[in-house]
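What follows is calculated from the coordinates using simple rules that are stated; it is not laboratory data. The model shown is predicted, which means the values in this text are computed figures rather than measured ones. Glycine gets a Cβ as well: all are built from the backbone with ideal geometry, and neighbour counts include every protein chain shown.
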Amino acid sequence: MLRRTASILLAEDNDDDAFITQRTIARSGIEATVHRVNNGVECLDYLRSDEPYPDLVLLDINMPMMDGREVLQEITTDENLKHLPVVVLSTSMCEREIAELHQMRCNSYLVKTLKFERFQEMLTSLCRYWFDVVELPVASAAAGAGKSISSPMNNG
């Protein structure tokens, strides 16, 4: 059984939402490092830097400079990034927006609820799903970019 610290990139401009997200992940029981960026430009800069690819991208939609839709479009059309799982975090429950973002290839769409306990449950379930249940791409997926990708944790 292989266990290692998972890597999460959190693109979130709201300090309170970022704090709650990071705190919840820390308390989820999943060993994870969260790197936060404040807007879409910083998100793409990080993904295209020399840093290893994250195992998961948590992407807010409404951010300054470049919003989450634009970031998702860039990720899904970039040969070096399109393998990355992207989970959208939004306050919107608009069915049209949810459908649009899934058509753009987000892997999941979570509504940021005002009920703190419910948001914690959702994030904990999300972490357990991505790091305890599914198999994520291995390093060979990024070989063409000459960049390493974090290898997911396996629990079984």
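Restricting attention to the stretch 63-80, does a residue exist that is in contact with a helix residue (DSSP H, G or I) (Cβ under 6 Å, 6 or more places away or on another chain), within 18 Å of TRP130 (Cα to Cα) and of a type in the set (D, E, K, R)?
Within the stretch 63-80, not a single residue is in contact with a helix residue (DSSP H, G or I) (Cβ under 6 Å, 6 or more places away or on another chain), within 18 Å of TRP130 (Cα to Cα) and of a type in the set (D, E, K, R).
For (1) within 14 Å of the chain's Cα centre (by Cα); (2) farther than 20 Å from TYR129 by Cβ; (3) of a type in the set (A, V, I, L, M), each residue gets a yes or a no:
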| residue | (1), (2), (3) |
| --- | --- |
| TYR46 | yes, yes, no |
| ASP50 | no, yes, no |
| SER92 | no, yes, no |
| LEU110 | yes, no, yes |
| LEU114 | no, yes, yes |
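Could you count how many residues in the stretch 36-73 are part of a helix (DSSP H, G or I), in contact with a Gly (Cβ under 8 Å, 6 or more places away or on another chain) and surrounded by 19 or more Cβ atoms within 10 Å (Cβ to Cβ)?
Residues meeting the conditions: 3.
May I ask you to list the residues in the stretch 98-133 that are of a type outside the set (A, V, I, L, M), crowded, with 17+ Cβ neighbours inside 10 Å and touching a residue at least 40 places away in the same chain (Cβ under 8 Å)?
CYS106, LYS112, PHE119, GLN120, CYS127, TRP130, PHE131
Which members of the stretch 32-78 meet the condition of being among the hydroxyl-bearing types (Ser, Thr, Tyr) and free of Cβ contacts under 8 Å to residues at least 60 places away in the same chain?
Matches in the stretch 32-78: THR33, TYR46, SER49, THR76, THR77.
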